[in-house]
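Below is one structure; the comments refer to it alone.
The values are calculated or read from the model by the stated rules, or taken from the named source; none is laboratory data. The structure displayed is predicted, hence computed values, not measured ones. Cβ atoms come from the backbone with ideal geometry, glycine included; neighbour counts cover every protein chain shown. Please note that ligands, DNA and RNA were not included when accessible areas were found on the heavy atoms of the full protein model with its side chains. Shrake-Rupley method; radii C 1.70, N 1.55, O 1.52, S 1.80 Å.
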Amino acid sequence: MKKINKPSLSLTQIINMSVGFLGIQFGFALQNGNASRILQTYGADVEHLSWFWLAAPLTGMIVQPIIGHYSDTTWGRFGRRKPYFLAGAILAAVALAFMPNASFLAGILPAVVLGAGFLMFMDASFNIAMEPFRALVADNLPDEQNTTGFSVQTTLIGIGAIAGGFLPTILNKVFNVSNESINGNVQDNVLYSFYVGSVIILVAILWTVFTTKEYSPAERKSFGFEDESHDQASLKDIFKDFAQMPTTMKQLGLVQFFSWIALFSMWVYATPAIAHQVYGLPLEDHSSKAYNDAGDWVSSLFGIYNGVSALYALALPKIAALFGKKTTHAFSLICGGLGLISIFFITNPDYLVLSMVGIGFAWASILAMPYAILANSIPIHKMGVYMGIFNFFITFPQIVNGIFGGMVVKHIYGSNSVYALLLAGIFMILGAVSVMFVKEKQ
């Protein structure tokens, strides 16, 4: 195999390259921590939440391979990846501003329908922006810096998520912005948090656009890349690439299935589950002051697990060097599984911080280690499309959970969604077992 001689980058260059992902994750954290609460404020039942969240993985499944394909096969004056994540960031900023304002457009359609529509639009925008960032790291870094690159990216993701997760609570507790729903409208602290998120996304993306260089086709050829002429490339090539995906990617697919079906349950059901199980509120309560206190705490807890992940990500390269990438990922997923399971047994909200430590370990590893394991198995000229195709193994389990999860919660769990978190913990541990069977290409 021809050696690719990409130059090593400094830590500052690696950080600049991923600052934009910090902004994206700021908005993503606001979505994950508050979307279910917003939809319930608009009148959604708990067993229907997973259906509304289906929009997110469905758009990701469609959008990411297409964006990856075109970012592999085009080059313009602004680069090959940067135009896509800039466009995605602009669209995500618009969606963040509109979703918590859906009730004001209720004369057109029911607020819950509009809210779900904006959720779909928002997640499609995040997907447009996210995939090129994964490919950008793999494009610019030599093999020996891949783990460092994805770990730095995970650290910045964590920083953005901490800020996004804690912002509603900070606005309420520090600046006395109301967290109560009045006349079916979204709480002010959530509303203003989404406005701030819109600005943060744009600023962070522009930072990366202006500070990060992409290698031109001529430079890539000088590094040893094969000829990258793609005059005959078409969308049909995505299906060919899917059929020819590397064995390592197929094996990681099972690991991703268990990991992401668990994460989806946590994001969708954490607020109602914790409000009932830990705060002792009735299952039908989704608008009281106590429920919104629980919602603010859940958003903050999401910030905490992302904070843990940011710190843990800094240690991942050294841990992986000592014990191997697979063992490191397995250990991290076990910690996450135990964290999710522990929520079922906790009755004091403060103790949920301990659950978030384990979940933070898992989240850091999920965002870094599968990509580090996969990077050496992907043809270098197909990095974008294969990173997009790999997203299929993230979206498919969420779609499965979205279709069936609500029915299971209603008919088997009696609308008590804490059991969905308990099952999610078991799935996370199954992911830890399955990663040990992946054949890693050196």
> How about segment 200-217: which of its residues are open to solvent by 30 Å² or more (accessible area, probe 1.4 Å) and under 19 Å from the mean Cα position of the chain (by Cα)?
Replying inline: ILE200, LEU202
> Where residues in segment 103-129 are modelled with pLDDT under 80 and open to solvent by less than 30 Å² (accessible area, probe 1.4 Å), which of them is farthest from SER198 (Cα to Cα)?
Replying inline: SER103
> Is there any pair linking a residue in segment 103-126 that is touching a residue at least 40 places away in the same chain (Cβ under 8 Å) to one that is of a type in the set (S, T, N, Q) and crowded, with 22+ Cβ neighbours inside 10 Å, with Cβ under 7 Å and at least six apart or on different chains, and which?
Replying inline: MET122/GLN31
> How do the pairs read when you match residues in segment 387-400 that are within 14 Å of ALA243 (Cα to Cα) with residues anywhere that are outside any helix (DSSP H, G or I) and of a type outside the set (Asp, Glu), using Cβ under 7 Å and keeping only pairs 6 or more apart or on different chains?
Replying inline: ILE389/MET245
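Looking at segment 15-60, which of the residues that are of a type in the set (A, V, I, L, M, F, W, C) and within 22 Å of ASP139 (Cα to Cα) is most open to solvent (accessible area, probe 1.4 Å)?
Selected residue: ILE15.
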> What residue, of ILE380, ILE429, ILE366, is in contact (Cβ under 8 Å) with a residue 24 or more places away in the chain, within 22 Å of THR148 (Cβ to Cβ), open to solvent by 10 Å² or more (accessible area, probe 1.4 Å) and not aromatic (Phe, Trp, Tyr)?
Replying inline: ILE380
> Does segment 406-419 hold any residues that are open to solvent by 10 Å² or more (accessible area, probe 1.4 Å) and closer than 17 Å to ALA262 by Cα, and which are they?
Replying inline: MET407, VAL408, TYR413, ASN416, TYR419
> Somewhere in segment 80-87, is a residue touching an Asp or Glu at 6+ places or on another chain (Cβ under 9 Å), of a type outside the set (Phe, Trp, Tyr) and open to solvent by less than 10 Å² (accessible area, probe 1.4 Å)?
Replying inline: yes
>> Taking the condition of being basic (Lys, Arg) and without any contact (Cβ under 8 Å) to a residue 12 or more places away in the chain, how many residues in segment 73-102 meet it?
In response: 1
>> Any residue that is farther than 18 Å from LEU156 by Cβ and of a type in the set (A, V, I, L, M) - is there at least one of those in segment 75-88?
In response: yes
